[in-house]
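To start, the structure under review is shown below, and the notes come after it.
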Amino acid sequence: MTRKLFDLARWQTRQWALALSGLLLVTLTPLVWIQWQQFQLLDDVSTNQVDSIMWQAYQLEREMGRLQTRLKDADSPAPVIDEWELLESYEVFVSRIDLITKIPRRDLLESAPVYGEAMALLENFVKQADPMFARPAELMGQHDLISALNFSIDQALPVLGELTREANRAVARFVDERNQQLHQQSVLVISLAAVQAVVLLIFVVLLVRHIRHQYRQYDKLQKLSNELAEARDQAEAANHGKSVFLANMSHEIRTPFQGLLGMLTLLDEPNLSSHQRDYLRTAQDSAIHLLGVLNDILDVSTMESGTLKLSVGPVNLRSLVQEVDGLMQVAAADKGLTLNVYAASDLPEWVTADATRVRQIMFNLINNAIKFTHEGSIIAELSPAAGGGSGVVLTVRDTGVGMDKDTLQRLFTRFYQADNSLRRRIGGTGLGLEISRNLARMMGGDIQVSSEPGVGSVFTVMLDLPEAAEPEPERTSQLDPQNTRRLKVLVAEDHPINLKYMNILLEKMGHDAVFCENGQEALDLLNRQPFDVVLLDYHMPVLDGLATTEAIRAMEGPASQIKVILITADVVNDTRKRAVEVGVNEFTSKPLQAADLHRALLRCGLLDDPSVPATAVLMRPSSPFPLSAYELPVRLPEPPSISSLIDLESYAEIVSMMPAETMSEMLDTLFEPPEGTLPVLQAALIEGDREAVGYNAHKLKGTAMLLGFRAIIRTAAQIEHQATQTTDPLSPDWVAQLQSDLDATRRALQQYEVSLSA
């Protein structure tokens with residue numbers, strides 16, 4: 001009976017689905033066709049850039065006016081611009097000519113007489129100006145040459161103004177034609193909508209009748225659902241009884257096993273023979289294995305019965321990680337594996353957690369990684385969750401056998417193992433991952449896994465562990481106030497976690513600290529109150545560390561002589577040299593440690609007694625523990641800012657004028673091998689073709705100026721100068737520099753697009 005009801009319901013659902021599909025097909029097909037026609041109209045406008053014709057004409061007129069202004073500035077007795085600014089203005093103007101002549105719908109303008117007149121004037125002007133601007137330095141101050149150019153511009157500007165007005169009229173005519181077409185289509189849409197309304201009214205009547213019929217069927221299904229719910233409750237009750245029984249039995253069996261293990265330990269005497277010792281080891285290994293199985297069954301049973309409770313309290317995460325590391329190193333070494341267990345430097349010192357259960361999760365995951373890794377390494381890291389809050393993330397990576405998609409789907413199934421042959425060789429219950437996931441969920445988190453056969457696996461555990469106060473605060477009374485000067489420290493740091501850490505660090509060192517988020521705020525504070533030393537982060541918003549130091553040295557009064565310590569992971573080579581030049585006194589590397597800061601203060605002469613072993617009591621208990629692999633002090637230079645790579649205003653202007661496809665094609669023409677301008681220039685540099693290098697460098701520079709790619713402009717200009725204005729051999733380093741600029745510019749474009757979509 002039940003099967004017949006379900007089959008009937010499915011059949012009726014299919015019938016209504018077919019009826020609704022037919023109705024939608026009949027009523028929506030005309031609308032889709034009309035919408036497609038409108039889309040083609042809009043796409044034609046967008047693709048052919050009709051609305052940008054007037055803008056291109058106006059830009060051409062405006063850039064010619066700007067060029068005339070620059071020429072007048074260059075013609076003054078004391079020019080206010082240099083030859084490069086004059087050349088830049090001319091090349092921007094020339095690039096605007098390409099835009100107006102290469103726009104897809106230039107046919108709207110070509111029929112106008114003023115277009116031909118304007119193009120002839122522009123062509124003559126470019127022929128006249130190109131030889132002059134080839135040597136911009138010689139053009140500066142040449143009144144006769146500049147006057148001739150200004151005369152040509154005066155003749156061309158009225159014609160360009162008329163061209164702008166003609167472009168406006170052409171766009172207006174085009175829009176009127178499109179509006180007429182849209183009006184006709186709108187009338188047709190209204191007619192079709194009226195037809196749809198009638199059809200939908202008929203459909204609503206039929207639907208009401210169907211709903212009444214479905215309601216009668218619902219009553220029958222409700223009775224069936226009640227019967228199934230009763231059967232489910234009975235099954236859950238039986239399962240609960242089983243779980244309670246297993247939990248009790250596991251407790252009863254585990255208790256004598258602890259005694260058995262104790263007795264086996266007592267039997268381990270030095271005078272045993274080799275056979276006796278082998279028997280004893282076998283008995284101990286078997287007992288430990290069986291006890292582990294019992295523990296797993298107990299954990300699963302207590303979880304199912306709802307009797308497992310977390311015993312939370314203050315836990316030192318670094319000490320816990322060290323403990324797990326020490327215990328698991330032996331197992332890894334036995335298999336010839338490298339095990340690296342890290343605690344992130346910004347990990348909370350103390351959290352509220354069940355230490356036993358956190359340790360159990362780490363043991364399970366690391367032990368699994370060791371079991372299923374035959375060669376290579378295992379990395380386990382405990383770090384704060386992204387975005388702050390009370391989250392902690394445990395990540396375990398291995399280079400083991402890995403898993404396929406089918407295995408990943410069943411990985412957390414009870415008693416399941418990916419490889420039965422491995423299960424026979426390695427052993428285990430197949431409960432460890434399920435237990436770990438349940439424990440993680442009890443702690444407000446979960447476990448995620450990614451893997452690839454033959455490559456390895458990555459297990460990620462998220463735990464919600466609130467930060468806790470240290471149960472017994474560290475004693476700092478060993479510091480002698482008579483031998484330690486209490487400093488007033490100004491700290492400029494924009495990262496909230498670093499601010500919190502430095503506040504604790506300076507407080508433990510016995511100093512008073514005032515914090516701000518950027519260099520400008522630091523300058524304001526220095527103007528209002530005195531300090532003994534300033535700690536500056538290298539990379540900050542508004543003013544970075546070097547700019548802030550330079551501003552401090554330019555201040556008036558005692559504030560200009562204050563000691564400045566730069567905190568950065570980039571304090572080598574050119575960066576260190578530049579920092580010293582602007583007035584930085586000392587450096588400390590990231591992550592900031594008490595010992596490093598103490599030594600920097602000593603070198604600045606700010607501590608009265610250098611012999612005081614302050615760091616002996618300031619170092620945290622976990623300081624000998626290795627840093628995370630992601631936080632080792634590898635001193636790489638910070639990437640350049642987007643603004644130093646791209647003129648965002650110019651780039652945004654070009655993007656706003658062009659469809660995405662056209663913009664993509666332009667970028668491909670610039671960057672993509674083998675015919676892209678930049679790869680062609682690289683090939684010419686490799687071949688040593690000086691003429692080709694000069695030509696392509698000039699071409700690359702012009703296109704990059706149009707798009708606002710500052711880094712590429714600088715490099716292309718330098719290459720062009722070396723190739724055309726000097727006889728120096730072309731450096732092979734330019735190829736790598738161009739590639740570096742290209743990679744940096746692409747990354748900057750990606751960051752810019754991400755910021756726009758955020």
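Summary of values
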item: FRET E, pair L192, V655, Förster distance 45 Å, beta-carbon r, rounded to 0.05; result: 0.75
item: Gyration tensor verdict on the stretch 188-232 (Cα atoms; rounded if a/c is under 1.5, prolate if a/b is larger than b/c, oblate otherwise); result: prolate
item: Charged-residue dipole, Cβ positions (Lys, Arg, Asp, Glu), the stretch 681-739 about Cα centre, Debye nearest 20; result: 320 debye
item: Spin-label pair E236/Q529, simplified geometry with 7 Å Cα→Cβ offset, distance in nm; result: 6.1 nm
item: Packing-based ranking, highest mean first, of 110-119, 540-549 given that Cβ atoms within 10 Å are counted; result: 540-549, 110-119
item: Interchain or long-range residues, amide H under 5 Å from V341's placed H; result: A380
item: Furthest towards positive pole of dipole, Q214, S186, L121, structure part the stretch 105-228, Cβ charges; result: Q214
item: Among I53, L99, L67 the positive-end extreme of the charge dipole of the stretch 52-102 (Cβ point charges); result: I53
item: Calculated FRET value between D733 and R66, using beta carbons and R₀ = 35 Å, to 0.05; result: 0.50
item: Karplus-derived HN-Hα couplings along the stretch 403-409 (A = 6.51, B = -1.76, C = 1.60, θ = phi - 60°), whole Hz, x at Gly and Pro; result: 9, 8, 5, 5, 5, 4, 5
item: Cβ-placed point charges (K, R +1; D, E -1), dipole of the stretch 69-203 about Cα centre in debye, nearest 20; result: 820 debye
item: Overall Cα dimensions of the stretch 67-219 - principal axes, largest extent first, Å; result: 98, 41, 21
item: Mean accessible surface per residue for the stretch 310-402, computed with a 1.4 Å probe while every protein chain stays in place, in Å²; result: 37 Å²
item: Distant-in-sequence amide H partners of I81 (H built 1.01 Å from N, under 5 Å); result: none
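The values are calculated or read from the model by the stated rules, or taken from the named source; none is laboratory data. On a predicted model such as this, the values are computed, not experimentally measured, just so you know. Cβ coordinates were reconstructed from backbone atoms using ideal geometry, including for glycine residues, and neighbour counts include every protein chain displayed. Please note that ligands, DNA and RNA were not included when accessible areas were found on the heavy atoms of the full protein model with its side chains. Shrake-Rupley method; radii C 1.70, N 1.55, O 1.52, S 1.80 Å.
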